[in-house]
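What follows is a set of notes on a single structure, which appears directly below.
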């Protein structure tokens with residue numbers, strides 16, 4: 001079953017923060033986050049593994065609550081380059097098969 | 001450039017026809033994944049191959065089939081095409097062990113299929 005992402009879409013002014021949530025009905029081993037710009041391939045942002053470790057990548061970080069089967073992606077001081085659709089991909093163990101959420105469209109404006 | 005090559009980039013065909021999409025994974029990656037992306041469905045997992053063997057299957061229709069060859073490139077065959085098959089088809093590769101989901105997926109640019 002597909003993980004649920006919220007919000008579906010968000011518009012930010014440059015410099016504002018945003019949180020994107022990903023929730024699954026299944027027990028998770030890992031959560032992956034990808035960003036896809038219009039007309040391009042999805043690009044990897046980060047992986048979070050079972051254990052609740054929070055990861056960061058410059059001004060983008062994420063957390064994983066395995067008990068709640070949820071992950072959140074935090075974007076701070078957003079930049080125009082952050083615009084795109086963000087997908088979470090959930091893994092339940094065994095191989096790298098990921099089930100992706102429906103995506104969150106993020107637009108950063110001046 | 002992810003290192004994953006997909007051909008063709010664009011394909012327009014008629015209903016009832018058959019097409020083959022090709023994917024060359026990154027050098028050294030043993031796993032190949034196929035995903036379908038349509039406007040209202042997001043990224044839908046179709047199938048995964050690992051070193052020539054089918055590893056996992058998702059919502060792949062019986063009209064669709066895939067294989068991974070000894071040189072690790074993969075082909076996705078779509079037959080008896082319907083209007084609803086129009087979508088962007090992504091191939092991704094990873095260095096996948098038989099362990100858990102720890103590997104980054106590298107996506108190709110996709111093949112856009114339009115069925116008229």
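Here, each number is a calculation from the coordinates, and none is a lab measurement. Everything numeric here is computed off the predicted structure, so don't read it as measured data. When we count neighbours, we look across all protein chains shown, and the Cβ atoms used for this are built from the backbone with ideal geometry, even at glycine.
What the table shows:
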read-out: Neighbouring partner chain Cβ atoms per residue of B:103-110, average, 10 Å criterion; value: 6
read-out: Modelled label reach - residue B:41, point 7 Å along Cα→Cβ, region B:47-80 residues with backbone N closer than 17 Å; value: B:47-48, B:57-66, B:76-80
read-out: Neighbouring partner chain Cβ atoms per residue of A:40-50, average, 10 Å criterion; value: 5
read-out: Label-point gap, in nm, between residue A:74 and residue B:114 - each point 7 angstrom along Cα→Cβ; value: 4.4 nm
read-out: Residues A:76, A:99 arranged by fewest to most Cβ contacts within 10 Å; value: A:76, A:99
read-out: Per-bin percent of Cα-Cα distances, the protein assembly as shown [5 Å]; value: 1, 7, 15, 19, 19, 17, 12, 7, 3, 1, 0
read-out: Radius, Kirkwood style, for chain A when every pair of distinct Cα atoms is counted (Å); value: 13.8 Å
read-out: Inter-chain shielding of A:14-25 (mean C-beta neighbours from other protein chains, 10 Å cut-off); value: 0
read-out: Average silhouette area of region B:2-95, convex hull of alpha-carbon atoms, in square nanometres; value: 5.8 nm²
